[in-house]
Structures are given as C-alpha cells and as structure tokens.
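Just so it is clear, none of the values below were taken in a lab; they were calculated from the coordinates. As the structure is a prediction and not an experimental result, all values here were calculated from the model. Backbone-built Cβ (ideal geometry, glycine too); neighbour counts: all protein chains shown.
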Amino acid sequence: MTNSLKITCNHLYAVYLMAMPDTFSLESITKEPLIDSLGRQISYLRLSVTDRCDFRCQYCMAEKMTFLPKKDVLSLEELYLIAKTFMACGIDKIRLTGGEPLVRRDIQTLISLLGNHVSKGDLKELTMTTNGSQLGQYASMLAQSNVKRLNVSLDSLNPDKFKHITRRGSLKNVLKGIDTAVAQDIHIKINMVIMGQENMDDLLPMVDYCTQNKFDLTLIEAMPLEAGGIDRAANFMPLSACVDLIQQQYALLPSTHSTAGPARYMTIDGSQSRLGLITPLTQNFCQGCNRIRLTCTGKLYPCLGHDTHLDFRELIRSGAKEVELVQQLRAIIAQKPAAHDFEISSSKTKSATTRSMNTTGG
C-alpha cells in the first residue's frame, strides 16, 4: 500500500469514528463526578490499547508470551466509545498504555481523536507510557495530537544490560526515539523499575543522563504482578536504598510538584530535573488514588492490586446503551477498595494477582 493510500484510509477511518458522537447521548446522570465510597474523586483513566509489545521485559511478561487473539481485544471503536463515556463522567486525563501502545495497528487514529478532545477542553491531558522503540516513527504524530508528555520505560543505559532486561530491542534505537520526541517539544519522563541488584549499578548513570537532558526520572518498586515466574522477593529493592545512593552524588531537595499519578517528587539540586518515587510496597499511595485502569480486553479495574472488575467489552457487545454503561461505571467505582493487597516478603513471593502487566496496562 502506498503512503498516500494509507493516509487516505486512515483519514476515512477517522471520519467514521468521528461520526460516533452523533449517536452518543448521555443524560444528566453523567454530570456528577465519579466519587468512590471513600470520597476520592476519580479523574484519571489508564487505557490499555494492546497486550502486544516488541519487548519482553522481565518484570512485565514471560519471555515466550502468548498474546491474545484479536477477537478478545477491544476494537478502536470500542476503545473510543468507552473513553468518551468516561470523559462524560468527569475523567479529564487519559494515559494510553499497553503492551506497547504504538505497535497497535492504526493507533494513530485513536490518538488523533482523543487529542481532539484536548483541543475541545474535554481532556486536560493525553499522555502515554511507551518503551520508546517506535518514537522515531510516531513522535511527530503524537505532538500533532496534543500529546505533550511521554513516560519512557528505560531500566538501563548499558546496551547489554538493556537487552538482558528487555530480552530484545535496541537501546540505540530507543535513545534516538527519545531525541526525536524532544525535537517535537514533547516532555520526557524516564520510568526506571528497580530490580534489586539487577540494575542498581545503572541508577547513577541514569540520574546523570536525566539531569544532562533535563528529564524527570521516576523510580518504581517492582510490583508483585505475574511475570513468568520471577522471584519478586529476591528482586525487590526498597527505593529508600536508591535515594541513599543518589544522595552520595546529588543533593535532593523537597518539591511541591505533583501530577495525576502516584509519584512523590524531589528536586535534584543543580539541575532542572526531578526525582519521582513510586513506592506501592514500602509507602503506598492509596489514600489519594484518583485512577482506574481499563485493560485492552475491556475489563475495568478500580485498583491495580485487586481482581474486582467490570467487563465493559461484554456490556458493549451485548448492546448496552450509554446510560447503562455510566450506571455500571458508577457502581464499580463504588467498590474501589481503600488500599491494594500488594505484599512482598520471603514468605510470600507470589504475585498479588495472576494478571501480567502487559495485559492490565502499565
């Protein structure tokens, strides 16, 4: 297929999806914000668009991962319908996740449509978590679609270590993709999962890289989700140990910076970079949680660490109307727990759930 024909097909598909609002009629039931039983307002949707990825990161999925059949995955039309339902109920930030979102076929159509809602004021922000492998191709499209920020998962700057952790992929390609995104004025934040001693020696080089490039760096404790038999206890490192190591080289100052996500921030003195900490195990962030997650199969999880969910795919494919979707959404939000069940110790190394991160959405 020629590039011009491909662009025409994508344009026609976008026109088709854009026609959907004409049949999208939500009544007064949608005008109230989404509030759970503890009074937390839910305003942030993490929307997984695929379980597929061109990497096989050790903490995310098994090396010989079997991906879902196409029929089990929400279509772009279904993803857009659900996103609009949530926006009508007060969701004003959407983060696209996966898998790797940018390997989803025709994903640029959905991104463009959601980006239009940023222009209209329905969304305050559209963001994405990516492994960076496709940024060289898609950074320009993302910028044109009102994606102003990207979280790039990067756990080592050592090419051999990078390939060991991801089990494939090119560090050089990822770094080039990041540079391409920066050239499009997209703000970059690096997400680094700390895997015990596996990548602790990569920590200070990563801080150096981020401060030199004016990127924020968020460190993440490895979460006890299914990932192909990884020993979570053996690979766990509390982020307090990381902070101690960083402070041997950098002064860390208090910061009032916050995002819609769970990270707590400090300023790295002498730089324009911030250090974020996501500590689901040693210091959970559940009290102020404003997030829900929709898997690529249509399951809505009010909490990453619980298996309670609502099957939106079943509702949509059985012909549920928009008002019923909203009613069901409010009902499941009311079941959002006070806190997750994550735990990791020498006596409990199994995952908190049997879901892998690539299916749930990172």
One checks the Cα atoms of the stretch 251-326 and finds Rg and Dmax, in Å, of 18.1, 57
Added length on full extension, which subtracts the Cα-Cα distance from 0.36 nm per residue, Leu38 to Asp54
1.8 nm
Need one number: % antiparallel among DSSP beta bridges in the stretch 28-360, to the nearest 5.
30 percent
Answer check: the stretch 28-360, Cα atoms, Kirkwood Rh, Rg/Rh ratio of 0.94
Grab the beta carbon distance between Glu77 and Gln249, set R0 = 51 Å, and tell me the FRET efficiency rounded to 0.05.
0.50
How much length is gained on full extension from Arg168 to Asn290, taking 0.36 nm per residue of separation minus their Cα-Cα distance?
40.5 nm
Quickly work out the Ala338-to-Asp208 label distance, labels modelled 7 Å from Cα along the C-beta direction, and quote it in nm with one decimal.
4.7 nm
